[in-house]
Structures are given as structure tokens and as C-alpha cells.
């Protein structure tokens, strides 16, 4: 169990009314500008909740389950850019946060978890609801701390908030023993700062930038690969300006949806396992790949040996550990995404002569179009539902999803033009993420932004209890359930690779989600035919509060294009027979 490194924070005399460690925790949250907290009450965290009782400027949202609290806080951080905060008690409360913490870690999302702990004298004695929370979460947090002193507990929390947002964002945790938060203190935390030992390189080495710029200028088939770090680093404007000036085609990873407008001529959209055929062709045949804020995970690259095989790679990332971890970087540029893109923009004098390449990219977009045909007499196509929802909402609508086929359809058939409008679980692939994420996103979003949660039936059932929270808080969110009565992605893989043996993937006992929504107090709608879709969407969006639409889609619908795990992105399948 660690304690935070020495920081520049200075303790001051506590203001009137601040008498306990728990009140110092609240003061630290207030000093950090925290507005919303998501949590579940319990014994060991009770002193902190008691201190929150009088904090009128901090809004606590009581979730139905701690996992829901962690996902809501995670999504709040994605949409707002500021760390989301979740709370839980000791033992099962803390372990129920683990999935959400791991999710935030994989996706580099800014989040702070505050967990109750048994009194320090009981630690190590297997006390009631004791768990080694810092030990359990050490591999999945950017930093975690065991608060051992009421005089410094506020600074522990301030450090955790500052670290969560600094550099490459990520989750942090502070474990709060009950005797520490209940104890008296005459100290209050200073302004939240990162430790003196924490350093982030903002600018790339100038010599390295010049070398990368020369390589870019000499390219004949350049591609920009926009990764999630472009959004985390608020670098979308710099990326767009560089792409527009140099007229370079842009491919995105799934976490980067919205970093580049998908309705632009240069947009090749998402690459990877279920990316567009034209995005995967562009990466496979490029001779220069400028990757920004991208960790090159396996769902993007497929087999490393076949990923951009003819390309020199310029890799921009704020985290040195990502450079050449999966894909070798010929030109490593360590620094803040926006700052380094500005450096490159200044260093690149002549854009590559790539008219033929751009024409080739346009030809691939026509050849491997994502268009599809509709048979009015056949079951409802999920692609149609996603496009109908997109057309009915504003350009700045926020989409949250769970994980499965519905997530891929939402990524493929919604046109993303703005950053921080796509909220999903990428690296960990957490089913059930969508609904609690919609709650966090709703509270972080502007009042006039639509929040649409696209879920699958299997994924929705994992966290459906959070619908009670949305109703209680009267949150204006629309949940669109793409209901095929399967764990659809599992069923698709079973058909392709396991001879159609549907072991534990059939959900023929699914409830009627529209009626279940009404039982929760939400508005419920159902759509089974194409004619039902417009009215159901219009009714749900018009409802002032949470609404659920049960879209009963084609149970045999599959997600294509598809690259088998570890496969060659340039040999994507468009049908099951091609796998």
C-alpha cells in the first residue's frame, strides 16, 4: 500500500466547519472543480457521504450498482474532458468498481475512484468487507493511494484528480479507511497538483520533427491515422488543419470517431477488424503512415506483419511506452498530440504530390461502399435503424453503446463529425457499458445535445437496473435496443468458426423491453417493421425523460466487413463465405 509522492501542495488551516478527514476529501473535490459524483453508499465510505450531505455545490448521483457508477464516471470524463468521480464502500463495493476502472485504464479515460476501507487497525485481519483495494487495482490504475492520515487525506485526493487528467489520462484511486475519514483534522488541502516527480514531454525533439517532415513530404501514398489520443488531447483542430492543408486521407481508430468529420472527402473512416474496406485498403497500401495518439492494438492492426507493410511510420504519442510497442516507429515523436502536429505543420513546407493516391482512395470508397439493400418484407435491418436515429438527431448528438454487434453497427453507420460524441468501451470490451455511460454523458453534455444509447439485448440486460437511476433523475436519454435475441457477436463467430453451434448465445427468453421500460417508469416503444421506425424514434425523442425503443431486428444480421482475429486487414471479408 503506497502513499502519494511529495507534491507542491501546501496544507493550510482548515476553514470554519471543516473538522474531519471526510470533510477534507470534500474540500479537495471542490478545489478540483468537481461537479458530479457517481456512487453507492455503504459502511466504510459513510463518513465521506455524511460530509457530502452539506455540500450543495457537489451533486451526487446514487447509482443502482457500483459498476454502473464507474461507467457513468468514465463517460462523464470522456464527454467533459475532466475526470469523472465514482465512490464505493469497501470490499464488494470496491471490487464492483474494478471492471469500470480497468475499462478506463484500457481506454486512457480520466477517472477517480474513492473507496471506503475498514479502519486501519483492522487492515490485514480479514475484517468484515475488507479487501486489499490498492493491491487489486494497482495494475489497472495510473496511480493509487492508501490514505493513512487525516491531515493529508485531502491532498491525496487532490493528487489523484490532478494525475487522472495529466499527460496520458487514466484512472486513479484513493482508498479511504473509515478511521481516517472520521478523524479530526485542522488541515485542508491545497490546490490539486501532480507530484514533483511527474513530468510530461509536451514538444517533440526538433531534429526528429524535421526528419519526419522530410519523410512526409517525400511520400507518394500518405495516410493520417487518427487515434483516441487526438480526442483525449483536444488535438482534433490541429489534425484537421494539417490534413486539409496537405490534402491527406484520414483513417480513424474506433476510439477516435469524431476526431475527423466523416462527411469530408478525405475521410476514410474507421479501420480494423470491422472497419471500412476502403480504410483498410488505404492503410495496407500506403507508403507513409502518420499515426497520432494510437496504441496499435490488435483489433486495429490484425496481424502485425501485414499491417501497413510498405509504410514508413511516424508515431506521435505523449506516452513513450507506446512507441514501437506493437508497430515499429521509424520516426518517433514524443509529445502532446496538438503541440506535435503544430510542429509538423510548421516543418512540412510542401505537401506530398499525391493526386493519384487520393483518386485511388476515392475509387476504393466506391468499390467497397457501406451501402446496403432493404427488403420491406424482410426483418428490420440494424443499419437502417442506426441511420434513422442519426438523421433524427443533431450533428452534436452523443452516442453511447454497449459491446457487441450493435456497437459495430453504431460505429459504422452513424456519421460522426464532432469529437467527444462517441462514448464506448474499446480496449476492454465491456458489455453493459452503454446505459450507465449514457447517464454520465447526459450530465456532462450541453442541455441541447441529444444522448442516444445504442444497446444490444444481451448487453442491455447486464446493467438494465441503471434505468431506475435515469427515471429517478429524469434524464433525457433515448435507449435504442437492437434486439436480435442473441449475444449477436458470439453467434456470428459461432456461425463462422464453430460450425453454427450456438452454445449459450441464444436469448429467446428476452423480455419485451418497451414494457419493461414502462415498469421502470420510462417511456417504452417498440418497432418491428420499417413503417414502425419513424414514429417510434419521434416519440422517444419527444419524451421529456428516459425512453426505450425495442427494435426487433433481423436475428441473422451480421457485421461486415470483417477481418478474422490476427488476419490481414487488406483481405477483409464481406460475407461469411470469404472468412
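The values are calculated or read from the model by the stated rules, or taken from the named source; none is laboratory data. Predicted model only: the values in this text are computed from it and were never measured. Positions of Cβ are generated from backbone atoms using ideal geometry, with glycine treated the same way; all protein chains shown enter the neighbour counts.
Quick grid of which residues meet (1) at pLDDT below 95; (2) under 30 Å from the mean Cα position of the chain (by Cα); (3) surrounded by fewer than 20 Cβ atoms within 10 Å (Cβ to Cβ):
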position: 137; (1), (2), (3): no, yes, no
position: 147; (1), (2), (3): no, yes, no
position: 165; (1), (2), (3): no, yes, no
position: 181; (1), (2), (3): no, no, no
position: 220; (1), (2), (3): no, no, yes
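Residue 335 meets the conditions (1) without any contact (Cβ under 8 Å) to a residue 60 or more places away in the chain; (2) closer than 21 Å to residue 211 by Cβ in every case but one. The failed one is (1). Looking at 252, 246, just one residue is modelled with pLDDT of 95 or more, closer than 21 Å to residue 574 by Cβ and outside the structural domain of residue 410 (by TED's automatic domain parsing), and that residue is 252.
One residue stands out in the range 5-64 among those that are modelled with pLDDT under 95 and part of a strand (DSSP E or B): the one that is surrounded by the most Cβ atoms within 10 Å (Cβ to Cβ), namely 7.
Out of curiosity, is residue 544 closer than 13 Å to residue 481 by Cβ and modelled with pLDDT of 95 or more? It is false that residue 544 is closer than 13 Å to residue 481 by Cβ and modelled with pLDDT of 95 or more.
State whether the residues of the range 331-339 include one that is under 17 Å from residue 287 (Cα atoms), modelled with pLDDT of 95 or more, surrounded by 20 or more Cβ atoms within 10 Å (Cβ to Cβ) and within 24 Å of the chain's Cα centre (by Cα). No, every residue in the range 331-339 fails to be under 17 Å from residue 287 (Cα atoms), modelled with pLDDT of 95 or more, surrounded by 20 or more Cβ atoms within 10 Å (Cβ to Cβ) and within 24 Å of the chain's Cα centre (by Cα). At least 2 residues being closer than 30 Å to residue 50 by Cα is the threshold, and among the helices (runs of 4 or more DSSP H) wholly inside the range 133-231 those reaching it are 133-137, 153-165, 178-182.
Of all residues in the range 390-416, those satisfying the criterion of being part of a helix (DSSP H, G or I) and surrounded by 24 or more Cβ atoms within 10 Å (Cβ to Cβ) are 405, 406, 407, 408, 409, 410, 411. Just wondering, is there one or more residues in the range 69-77 that are in contact with a strand residue (DSSP E or B) (Cβ under 9 Å, 6 or more places away or on another chain), surrounded by fewer than 24 Cβ atoms within 10 Å (Cβ to Cβ) and modelled with pLDDT of 95 or more? So far as the range 69-77 goes, no, none of its residues is in contact with a strand residue (DSSP E or B) (Cβ under 9 Å, 6 or more places away or on another chain), surrounded by fewer than 24 Cβ atoms within 10 Å (Cβ to Cβ) and modelled with pLDDT of 95 or more. For the range 521-544, the set of residues classified as buried (at least 19 other Cβ atoms within 10 Å of the Cβ) and either under 15 Å from residue 470 (Cα atoms) or outside the structural domain of residue 475 (by TED's automatic domain parsing) (or both) consists of 522, 523, 524, 540, listed by residue number. Summed over the range 245-266, residues that are surrounded by fewer than 24 Cβ atoms within 10 Å (Cβ to Cβ) and under 14 Å from residue 417 (Cβ atoms) total 6.
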